[in-house]
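First up is the structure itself, then whatever we jot down about it.
The values are calculated or read from the model by the stated rules, or taken from the named source; none is laboratory data. The structure displayed is predicted, hence computed values, not measured ones. Neighbour counts run over all protein chains shown; Cβ positions are idealised from the backbone, glycine included. Ligands, DNA and RNA are stripped out before the accessible areas are found, and what is left, the full protein with its side chains, is counted by its heavy atoms. Shrake-Rupley method; radii C 1.70, N 1.55, O 1.52, S 1.80 Å.
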Amino acid sequence: MPSFDEVLKEAGEFGRFQKRVFFLLCQTGITFSFLFTNVVFLGQAPDNYWCRIPGAAELSERCGWTLEEERNFTVLPLRLGNGSSRGECKRLDVVWDTLVSCTSPLTHYGNHSTGNLPLATCHDNWVYKQPHSSIVSEYNLVCGNAWMLDLSQAILNLGFLAGAFTLGYAADRYGRILIYLLSCLGVGICGIIVAFAPNFTVFLIFRFLQGVFGKGTWMTCYVIVTEIVGSDQRIVGIVIQMFFTLGIMILPGIAYLIPTWQGIQLATSLPNFLFLLYYWVVPESPRWLLTRKKGEKALKIMHNIAKHNGKYLSPHYSEITISNEEVSNPSFLDLVRTPRMRKNTLILMYAWFTSALIYQGLVMRLGIIGGNLYLDFFISGAVELPAALLILVTIDRIGRRLPFGIGNIVAGIACLITAFLPEDIPWLKTTVATLGRLGITIAFEIVYLVNIELYPTTLRNFGVSLCSSLCDLGGIIAPFLLFRLAAIWLELPLIIFSILAVVCGVLVLLLPETKGISLPETVEDVEQLSSDFGKCGKKRKHQDTNSYI
């Protein structure tokens, strides 16, 4: 009775069928990158706004003022009297009523000079020249409320975290494609509600839910692709991440063409509904079906794959061998119960956390320079392409562990050098910091692939989702770590990044090499893989099996 990998080899490990499914699911990387980064454009700071004096709206209507004239009467006296105030967070503590002159409204207050008029903190009633250009102007996220913009991104990351646990578990229990399709539907619906949220509370609630479903689409599509191809083609997981980079490069073009945040939100959310059409073209993972004792359905899918690939399964391929391992609802204990699984899990969790923390920290550090937001954002995405190309060139020649470790170590060394370079050669500091980002991007992309290859089918989606949840935790911590430590010493965050990256680089070298091996089906396979450092995929240990016709 043949094993699944033997049947897959006969049906075609990366034929026309897999290429079609791969290309379709890669589009998920584009839409997920939109969700992951669109806050940069949804939350653009308004160029021109001020705090309106009570009664100014009525007076402006009576006097026929334009917004610019109202602003001059409101802000100009404030600047003359208090040069440190721009009229954004402070206003004159006066009330304009019907007795106020249209030409000189402040003369109503007698001989007081503008410098002697009291000031009041503005809590609401801001005026924006473009009131619907971003969520900042839509929900008044300025001055004392500015922290709420950071909260909106933290809430999204919390959604990613919740999605990693809930939908990762659901995909292992109920199936990859079902959870993928439900997640796509959820992202689309929540995205529409976010675009038309009547207040900031509703915005946050459905942005959180969009994060939950968004994580479901990204992680599940990644697992589906790697489970239907042969061991030599699993670097397609790296190519999926190139589509994530492509999305980063496309997003500034969308934001440039659409002037309102609602339009950007809809343009980046609605494409998820198109993925519902995959119900008719993307099958359930046959590996997962076998672990759920549904061998008949798995065999039917394999015959369909062979047909589309122009192959023919031999008549004796009427049964597929699966392990006798009992299938139960996955839990964290399953990931740490055995020694090798425990070591892999702890190292991978640290690698996810470190990669996300350093990656986002370096992005924010390079992003503090001024310039054209749309062009800078495009370039920041383009910088990631060489990382993916280096991985594609090296990963099947020298394996996973070495590039994984070197990427982290290079990032750590680059951060350390950047911290001590003199300020009078900024181009060199930027170049070395960019090299650090290149290194951590390589590590960040490889951790996806290695994570999938080190878990058995029964725990794969749950294991990947759980470990990658540390990525979301790193994303939440990154801005606080960066800015708080920078307040002590500007380069202190780079020292911390350096230590974290070098330690990670050493730890990942303790993981087993997964180049060219079959995906493990059981925990026992993982234990054998780890102890033999990659020989399991070439020669499997004999074990009791069941077969399904």
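Miscellaneous remarks
- Chain lengthening between residue 307 and residue 375 when straightened (0.36 nm per residue, less Cα-Cα): 19.9 nm
- For the stretch 330-529, the share of accessible area belonging to carbon and sulfur comes to 76 percent (1.4 Å probe, ligands and nucleic acids excluded).
- The phi-based Karplus calculation (6.51 cos²θ - 1.76 cosθ + 1.60; θ = phi - 60°) puts the 3J(HN,Hα) values of the stretch 464-480 at 5, 5, 5, 5, 6, 5, 5, 4, 5, 5, x, x, 6, 6, 3, x, 5 Hz, whole numbers, x for Gly and Pro.
- Here the stretch 159-225 exposes an accessible surface that is 83 percent carbon and sulfur, computed with a 1.4 Å probe and the other protein chains kept in place.
- Solvent exposure of the stretch 412-463 as accessible area per residue, Å², 1.4 Å probe: 31 Å²
- Positive contributions from Lys and Arg (+1) and negative ones from Asp and Glu (-1), summed over other residues with Cβ under 14 Å from the Cβ of residue 387, come out at -1.
- When each of the peptides 193-204, 348-359, 39-50 is scored by the mean number of other C-beta atoms lying within 10 Å of its residues, the order from highest to lowest reads 348-359, 39-50, 193-204.
- Gain on full extension, evaluated as 0.36 nm per residue between residue 145 and residue 332 minus their Cα-Cα distance, stands at 63.5 nm.
- Once both labels are positioned 7 Å from their Cα atoms along Cα-to-Cβ, the gap between residue 484 and residue 420 label points is 2.7 nm.
- Per residue, the accessible area of the stretch 127-215 comes to 37 Å² when a 1.4 Å probe rolls over the protein heavy atoms.
- About the centre of its Cα atoms, the stretch 107-248 shows a dipole size close to 120 debye [charges on the beta carbon of Lys, Arg (+1) and Asp, Glu (-1) only; nearest 20 debye].
- Distance in nm between pseudo-label sites at residue 45 and residue 495 (7 Å out along the Cβ direction from Cα): 2.9 nm
- Taken over the stretch 330-529, the convex hull of the Cα atoms encloses 120 Å³ per residue.
- Cα lying deepest toward the dipole's positive end in the stretch 330-529, options 526, 510, 463, charges on Cβ: 510
- Amide H contacts for residue 126 (H built 1.01 Å from N in the peptide plane; partners 5 or more residues away or on another chain; cut-off under 5 Å): 52.
- Förster-model FRET efficiency, 25 Å R0, residue 430 and residue 503, C-beta, rounded to 0.05: 0.50
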